[in-house]
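**Q** Before I ask anything, here is the structure I am working with.
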Amino acid sequence: MKGTLKGLLGIVAMAPRSHFSKPTWPKDTELVSLEFVLRAVADCELYAQYTIALHAWFLQQIQTFDPELSAYLHDGESEKPFALTGLNGEFVAHSRTLQLARDRVYRWRVNGLSAVAVAGLATWLKQPPPEMVIKDTPLHIQGIQVALPATTYQQLRPEDIATAPKEMSLTFTSPTSFRRRGHHLPLPWPRNVFHSYLRRWNLFSGQVVPQDEFLDWVDDHVIIQRHQLQSVKVAAGKRGSVTGFTGAITYGLDRKAQAHGEFYPLFFTLGRLAPYCGTGHKTTFGLGETVAGWQGEQNLVAVPSAQALLAERIEELTVLFREQRKRTGGDRAQNIAENWATVVARRELGDSLQEIATDLGLPYETAKTYSKLARRALREKDEG
């Protein structure tokens, strides 16, 4: 099914160039969400952790006209001033790879979360690329549109808080998770959810709010009124697997919440920020995609079987390698176990060491060493 790179690029060359209106927005915009409409130009494959290559493609696009901005988007803040979704569309069922069918349409979003990032997106789209290339897989760009209103942080604030509803619903359409004490927390606990939004707000809005005081207010006054959630495991980011959740939740406020004149409206403001910034961690690798309101299951992004199987295998191996290194505590042992597990699991799927090293950001010789050490550890387990 997977054609050669030469053949695929030949199809792209023959495909007509897209003619679509380029999205625009006011110069003072600080938040924007863009949706790319993509078409597979041939039957082709994506590997399970393709969001790594998608992330790299986006940064390379920015680097072509502004290397400093690309570096800033990659390394500039503790929270990244952008969010990326995975591809949303129908994949052909297959256990090892994600297979795309010719002429099938897929959608992808990139959100800018700061004035600098949004200005960079505007410059990029003055001459939008004709296709997206994820490693060797080209997707023809048929259109680009503004998916959420271009706005500013100040404009997110409710105009009349007195008439605001006393509840808020959010739907987490792609796997969502938080880091807590070195582990994943696959639950939308109010403090964790609003902490993730507040971090972005404090970094990019220019309107800093006392973090601990606000989160204590959340603990005291925000309640979960209803939820419809399911847990899911996915391979996301550069290494390891993530246990997350998808589904919908409604948060309410108790009768004393309004007593704090600043935090009460901020609760609703951060809810409006959520669809732009996403929820939790790894939002630049397709996790934590969030929409406003209580949405049905049809809006959830299904985790393809290839991603689920890879995630399960990575977790299984991580536990094994971590147990073998139980005398070595701390994050370093966990990181090594995740690296080893990711290398082994992806090699089992047929990925080359060079591809794995590139995705993990490792020198080839380091990835080769990890592979040897991991295989030795597996042999010792079998012999034991």
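The values are calculated or read from the model by the stated rules, or taken from the named source; none is laboratory data. Note that the coordinates shown come from a computational prediction; the quantities given were computed from them, not determined experimentally. Backbone-built Cβ (ideal geometry, glycine too); neighbour counts: all protein chains shown. These accessible areas exclude ligands, DNA and RNA; they are computed on the full protein's heavy atoms, side chains included. Shrake-Rupley method; radii C 1.70, N 1.55, O 1.52, S 1.80 Å.
**Q** Taking the criterion of being under 23 Å from the mean Cα position of the chain (by Cα), modelled with pLDDT of 85 or more and open to solvent by 40 Å² or more (accessible area, probe 1.4 Å), would at least one residue in region 257-274 satisfy it?
**A** Within region 257-274, one or more residues are under 23 Å from the mean Cα position of the chain (by Cα), modelled with pLDDT of 85 or more and open to solvent by 40 Å² or more (accessible area, probe 1.4 Å).
**Q** Right, another one. For residues that are assigned to a loop (DSSP other than H, G, I, E, B) and under 23 Å from the mean Cα position of the chain (by Cα), scanning just region 130-178, find the one that is farthest from A115 (Cα to Cα).
**A** Once the filter is applied, the top-ranked residue is D136.
**Q** Hey, does region 309-326 have a residue that's over 25 Å from the mean Cα position of the chain (by Cα), open to solvent by less than 20 Å² (accessible area, probe 1.4 Å) and at pLDDT below 90?
**A** Yes: region 309-326 contains one or more residues that are over 25 Å from the mean Cα position of the chain (by Cα), open to solvent by less than 20 Å² (accessible area, probe 1.4 Å) and at pLDDT below 90.
**Q** Next up: With respect to V343, determine if the residue is closer than 21 Å to F178 by Cα, assigned to a helix (DSSP H, G or I), modelled with pLDDT of 85 or more and not polar (S, T, N, Q).
**A** no
**Q** Sticking with this one: For region 150-161, state whether one or more residues are farther than 22 Å from H195 by Cα and at pLDDT 95 or above.
**A** Yes, because at least one residue in region 150-161 is farther than 22 Å from H195 by Cα and at pLDDT 95 or above.
**Q** Among the residues that make up region 218-232, is at least one of them buried (at least 22 other Cβ atoms within 10 Å of the Cβ) and not aliphatic (A, V, I, L, M)?
**A** no
**Q** Which residue, of E315, E289, E365, E338, is acidic (D, E) and without any contact (Cβ under 8 Å) to a residue 24 or more places away in the chain?
**A** E365
**Q** Please state which of the following conditions A248 fails to meet, knowing it meets all the rest: (1) modelled with pLDDT of 95 or more; (2) under 30 Å from L362 (Cα atoms).
**A** (2)
**Q** So, one more: Between a first residue in region 184-200 that is more than 20 Å from S241 (Cβ to Cβ) and a second residue that is open to solvent by 10 Å² or more (accessible area, probe 1.4 Å) and charged (D, E, K, R), which pairs have beta carbons less than 6 Å apart while being 6 or more apart in sequence or on different chains?
**A** R191/D219; R199/E79; R200/E79
**Q** Okay, next question. Of (1) open to solvent by less than 40 Å² (accessible area, probe 1.4 Å); (2) in contact with a strand residue (DSSP E or B) (Cβ under 6 Å, 6 or more places away or on another chain); (3) not hydroxyl-bearing (S, T, Y), F91 satisfies all except one. Which?
**A** Answer for F91: the failing condition is (1).
**Q** Further question on the same structure: Can you tell me which condition P165 does not meet? The list is (1) surrounded by 15 or more Cβ atoms within 10 Å (Cβ to Cβ); (2) without any contact (Cβ under 8 Å) to a residue 60 or more places away in the chain, and all the others hold.
**A** Every listed condition holds for P165 apart from (1).
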